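Please treat every number below as a calculation from the coordinates, not as lab data. This is a predicted model, so every value here is computed, not measured. So basically every Cβ, Gly included, is an ideal-geometry build from the backbone, and we count neighbours across all protein chains shown.
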Amino acid sequence: MPITVVACPSPRATSEWYVHLHEGATVADAIRACGLAPPGVPGSALVAVGIWGRMVDLGRRLSAGDRVEVYRALTVDPKTARRERFARQGARTTGLFAKQREGAKAGY
């Protein structure tokens, strides 16, 4: 059965493999078929797996056409990154505040 495996080994880099596995194959089998170390193995930068964006365990059986996604750990908390980006750009050049009427108060 055809399976797609997608992994993000480093920031802004994505690797994708198309593998054919036997019926009854698990998520761990798909990861091994790509040559990746499964999450939880010492030395593996990967921390979790999912099928079509939903977290699953390594023992989950696959169906034909599944997309196995292998996730790595976040290096920065998304909320912290947003705060830092906002502080760098300033209130007047981001999001809703980028376009404002001439002479209007900030934020309107």
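The length gained by stretching the chain between residue 4 and residue 79 to full extension, at 0.36 nm per residue less their Cα-Cα distance, is 23.9 nm. Extending 7 Å from Cα along the Cβ direction at residue 14 and again at residue 61 yields two label points whose distance is 3.0 nm.
For residue 8, neighbours were defined as the other residues whose beta-carbon sits under 9 Å from its Cβ, and their charges (Lys and Arg +1, Asp and Glu -1) total +1.
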